[in-house]
Amino acid sequence: MGARPTSIARNKQPTHPQEQLFDTHPEVSLDFDAVRQAARKKYARPFLILDTAIVREKARRFHAAMPRVRPHYAVKANPDPRVLKVLIEEGAGFEIASIAELDLLLSLGVPAAEVFYSNPVKSRDSIAYAAAKGVEWFVLDSVDELRRVHGVKSDAKLYLRVATPNIGSDWPLSGKFGAGAAETREIIATAAKLGADLAGVTFHVGSQCRNPENWRVGMEKARAVFDAMAKAGLKPRLLDIGGGFPVRHVRPIPSIEVIGNVVNEVLKAFPLEVQVIAEPGRYLVSDAGYFVCRVLGTAARASKRWLHLDAGLFGGIIETTEGLKYRIRTDRSGPDVTWNVAGPTCDSVDVILRDEPLPSDLQEGDFFYLRNAGAYTTAYASEFNGFPLPEVRIFESKR
Ligand SMILES: Cc1ncc(COP(=O)(O)O)c(C=O)c1O
């Protein structure tokens with residue numbers, strides 16, 4: 001697999017007009033009236049309500065947009081077994097961060113060979129455990145991890161996570177993981193010397209990525225790394241285009257079809273025998289759910305209005321702190337004024353929004369609805385300060 005591609009579009013300008021970058025497809029979202037009714041009928045604590053029919057729809061739409069790319073769902077986005085079962089039925093593979101996620105998948109009958117261990121730094125014990133259970137593919141982005149995985153499982157299939165731009169992603173991930181050019185060269189040389197099966201390349205464009213060109217850059221980089229690997233005597237045969245596929249919140253997003261056009265075009269530079277996977281998390285589950293919580297009380301402090309909710313940063317609403325903007329709904333219609341919105345804990349970091357325009361007449365007991373919040377909410381929640389974990393209500397509608 002050493003031949004240089006002829007069709008690679010290096011530095012090529014996007015072929016789609018700018019307006020096509022933005023999602024023109026009908027909105028996918030849970031019916032708001034149904035969410036309201038569910039809250040009024042029974043409310044004991046914050047809850048996520050999620051319709052798996054939407055998860056199915058998203059899995060099918062992803063497949064249609066990129067037929068050559070098999071989605072391996074990032075379990076961390078929402079590890080509820082009922083969600084995982086639906087994705088198993090839809091033919092997805094999986095990506096894990098930990099052996100607890102592996103055990104969960106195995107308990108649901110997922111073959112270990114369909115599970116990719118995509119956490120770039122793993123303990124020796126975790127590697128050994130996963131290897132004993134039958135996991136074959138392990139990611140790395142350092143020589144240290146290469147030696148560790150190879151030391152525990154000398155026939156492991158390894159894939160290299162390379163650094164790639166996260167420009168235009170609402171939740172960037174590139175600051176922590178990904179080998180740069182010099183490390184990549186060193187990792188390839190070390191793998192060749194050890195006789196390790198460094199066989200793939202991956203990257204992550206950043207979560208909620210609104211810039212389709214990031215996939216082009218990542219894939220072109222991967223293509224060049226394939227060539228460097230082949231030159232070193234390795235046998236590259238896996239391309240993993242990571243996660244990052246966006247869902248609609250308040251900012252415009254490129255549709256999965258627009259991203260698919262970019263991916264499918266650059267894929268022509270990869271021989272057909274190359275296995276191609278992606279690791280979507282958010283895309284598959286986010287717009288299947290609403291997160292619902294309630295106003296505990298209000299306060300005025302130093303000329304600011306404060307809204308205190310029964311769920312905050314520690315209760316699952318953490319992504320707002322890095323700039324992710326949910327569409328927020330309430331049952332009030334007063335004119336908007338700015339509020340600081342806090343969670344229920346005594347920790348001063350537990351502020352999920354500052355100067356957010358929301359109805360002036362919000363008060364104790366009112367519901368607070370976060371649209372498209374099925375990903376990275378309940379998965380993050382803790383019982384910090386003694387507050388209960390959110391309830392997870394899952395159903396499958398006939399859509
Ligand atoms: C290695 C890896 N793959 C996939 C994902 C899923 O990303 P997203 O939910 O943006 O699709 C993540 C998210 O953090 C990740 O760390």
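For region 303-382, the set of GluC sites (Glu not before Pro) satisfying both a DSSP loop assignment and a count of at most 11 other C-beta atoms within 10 Å is given as GLU364.
Ignoring ligands, DNA and RNA, what percent of the 1.4 Å accessible area of the chain is carbon and sulfur? Kindly include the intermediate steps, with their values, before the conclusion.
Details: 8610 of 16610 Å².
Exposed carbon and sulfur together represent 52 percent of the surface.
Taking only the alpha carbons of region 34-142, we obtain Rg and Dmax values of 16.4, 52 Å in that order.
At 30 Å minimum axial length over the Cα atoms and a Kyte-Doolittle cut of 0.0, report the qualifying DSSP H helices in the chain, or say none.
Numbers: long enough: none.
Sorted by number, there is nothing, because no helix extends far enough and scores high enough.
When the Gaussian network model of the chain links Cα atoms closer than 10 Å, the mean-square fluctuations of GLY260, GLY243, GLY195 top out at GLY195. Computing FRET efficiency as 1/(1 + (r/R0)^6) for ASP347 and ALA112, where r is the C-beta to C-beta distance and R0 is 41 Å, gives about 0.55. Look at where the Cα atoms of region 352-399 and of region 279-325 average out, and the two centres are 6 Å apart.
Accessible surface computed residue by residue for the chain, with neighbouring protein chains in place and a 1.4 Å probe, gives 42 Å² per residue.
Taking a Cβ cut-off of under 14 Å around GLU391, the surrounding Lys, Arg, Asp and Glu residues balance to a net charge of +3, with basic ones at +1 and acidic ones at -1. With helices as the sole contributors, the chain gives -8500 deg cm²/dmol at 222 nm; each DSSP H run of n ≥ 4 counts as -39500 (n - 2.57), and the sum is divided by every residue.
Where Lys and Arg each count +1 and Asp and Glu each count -1, what net charge lies around ASP355 among other residues with Cβ under 14 Å from its Cβ? Spelling it out: positives minus negatives among the neighbours equals +3. Summing charges over all other residues whose Cβ lies under 14 Å from the Cβ of THR320, with Lys and Arg as +1 and Asp and Glu as -1, gives -1.
Using only the Cα atoms of region 62-117, each taken as one equal point scatterer with no solvent, compute I(q) by the Debye sum, divide by I(0), and report log10 of the ratio at q = 0.19 Å⁻¹. Debye output, listed in q order: -0.59. Surface listing: LYS85, LYS268, LYS153 arranged by accessible area from highest to lowest gives LYS268, LYS85, LYS153, probe 1.4 Å.
Placing unit charges on the Cβ atoms of the charged side chains and taking the dipole of region 287-395 about its Cα centre, the candidate lying farthest along the positive direction among VAL392, VAL341, SER382 is VAL341. Classify the chain as rounded, prolate or oblate, taking a ≥ b ≥ c as the square roots of the eigenvalues of its Cα gyration tensor: rounded when a/c is under 1.5, otherwise prolate if a/b is larger than b/c and oblate if not. Prolate shape, in that a/c is at least 1.5 and a/b is the bigger ratio.
Go through LYS157/LYS231; LYS85/LYS268; LYS76/LYS176 and tell me which ones have a Cα-Cα distance over 21 Å in this structure. Write out the running numbers ahead of the final one.
Working: LYS157/LYS231 18 Å; LYS85/LYS268 32 Å; LYS76/LYS176 17 Å.
Beyond 21 Å: LYS85/LYS268.
Between the residues PRO271, ILE259, ALA38, the greatest Cα displacement towards the positive end of the dipole of the chain, with unit charges on the Cβ of Lys, Arg, Asp and Glu, is found for PRO271.
For the chain, give the magnitude of the charge dipole about the Cα centre (Cβ charges: +1 Lys/Arg, -1 Asp/Glu; no others), in debye to the nearest 20. Walk me through the intermediate numbers first.
Working: 52 positive and 48 negative charges, 122 e Å.
Roughly 580 debye, rounded to the nearest 20.
Classify region 52-285: rounded, prolate or oblate, from the alpha-carbon gyration tensor (a ≥ b ≥ c, eigenvalue square roots; a/c under 1.5 rounded; otherwise prolate if a/b is larger than b/c)?
Working: a/c = 1.73, a/b = 1.20, b/c = 1.44.
Since a/c reaches 1.5 but b/c is at least a/b, the shape of region 52-285 is classed as oblate.
The values are calculated or read from the model by the stated rules, or taken from the named source; none is laboratory data. This is a predicted model, so every value here is computed, not measured. Using ideal geometry, Cβ is built from the backbone for each residue, glycine included, and neighbour counts are taken over all protein chains shown. In case anyone asks, the SASA skips ligands and DNA or RNA and just uses the protein heavy atoms, side chains included. Shrake-Rupley method; radii C 1.70, N 1.55, O 1.52, S 1.80 Å.
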